[in-house]
Amino acid sequence: MNLQAGQKTTLASLMGPSLQFEVRVTLVAPFDIDVTAFGLNRNEKLFSDDYMIYFNQPVSPNNAVVLSKSGQTTRFKFDLSRHNLTAVEKFVICASVDSPNHTMSEIRSGNVEIIANGNVVASFPISRTHFLLEKAVMLGQVYFKNEWRFGAIAQGFNGGLKALVEHFGGEVEPEPPKTTPQQTPVPTPVKPAATPNPVQSAPSNINLSKIKLDKNNPTISLTKKSSGFGRIGINLNWNQTPPSLVKSFFNRNQAVDLDLCALIKFKDGSKYAIQALGKRFGDFDRYPFVFLDGDDRAGSISQGENLYINGDKWDNIERVLVFAAIYEGVASWSDTDGVINIKIPSQPELEVRLADNSNANICAIIELHNQGGTIKANREVRYFHDIGAMDRHYSYGFRIVNGSK
């Protein structure tokens, strides 16, 4: 079913009685676009900050909505059977331009698709002609009116994500000053307690800060807010089927295969390598206090690969080098649309993008140093043809043995 702006349809007409489906948003542009979902109550206001699903908070209460991003495609997996309908009656899916110099009228193409049981059951094409000077737009909405429905919108604001949050009744934290090397970010305020009345909106205080480490801003230091850093989550995501991926009879099922890996050096002089190759997945609660959550060999997991560091054991660790390896699919890192996101409780999200035109197999992405109990994060993005060359450069001292998947 092809939808036009303003058109509405019931979900049951698209996929029967199922309450599990995916909304996939693809926006192709030469600049970053953040795609967000807002859970609204019957008064069209954000019920609480827990119902803003975005880069700093990709999961709604009860896992009813889960966000993931790969390249220029954002996915929202809905399971409305888990959802508290007395709190939120509508999810509005929005897009905002993350640049002061661009607007939505400069996108090259776009599409909002509803996917059920692996099939696209509805599609809403997004064109630059829908917009003028808008930096933030409402693309579509999943809402309840006697039954669950979907509506195509394509309307927006000249302001960005901040304007959207305020439009829906949220309060945005003041933006911290621009980070310079060694700067400690402003701490994220504690979320206000939710109201006991399920149909009233709780005051929202939303942290939109995301620090992008690049060539001009490669380093930041993060200070503990309590006894430890908690669970440090590192996500690697990439475009599993980029346009440059050549299809043929012999490789038509091939997808881009990246592996997320790490080298760890401890203060007592010991060391450990985390790598799916050799099934060295580590352990979160015991030595080495770093855990790789599986290997997305087939490219079937839209959330990419995840590595977790036990931040409460950070005092035992001297440094961690996070790197990725290309095993199949593309010849250059620029074709992967690769991005690393690091999430640490009570800290802004860190982002590092892999966009260089290098055909080396290994990319050292970021190194985390323990400096007096703080985390000093250094963007590396250095390319090597094998792990041995990388290990010698960073002086971890491993004995490298060749292997294969």
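Just a few scattered comments:
- Pairwise FRET efficiency - Lys210 versus Asn101, Cβ, R0 = 22 Å, nearest 0.05: 0.80
- Given their separation in residues at 0.36 nm each and the Cα-Cα distance between them, Asp283 and His393 gain 37.0 nm when the chain is fully extended.
- Prolate/oblate/rounded call for the range 48-107, Cα gyration tensor, a/c under 1.5 rounded: prolate
- For the pair Arg42 and Leu85 in one chain, pulling the backbone fully straight at 0.36 nm per residue adds 14.5 nm over the alpha carbon distance.
- Taking label positions 7 Å along the Cα-Cβ direction at both Leu132 and Arg108, the computed distance is 2.7 nm, reported to one decimal.
- Greater than 25 Å apart at Cα, pairs in Lys210/Lys265; Lys77/Lys210; Lys90/Lys343; Lys90/Lys212; Lys313/Lys343; Lys69/Lys135: Lys210/Lys265; Lys90/Lys343; Lys90/Lys212
- Using the Cβ-Cβ distance between Gln20 and Ser227 with R0 set to 35 Å, the FRET efficiency from 1/(1 + (r/R0)^6) comes to roughly 0.35.
- Going from the fewest other Cβ atoms within 10 Å to the most, the residues Tyr396, Tyr272, Tyr287 appear in the order Tyr287, Tyr396, Tyr272.
Each value in this text was obtained by applying a stated rule to the coordinates, not by laboratory testing. Nothing here was measured: the structure is a model prediction, and the numbers come from that model. In this analysis, Cβ positions are derived from the backbone assuming ideal geometry, glycine residues included, and neighbour counts consider all displayed protein chains.
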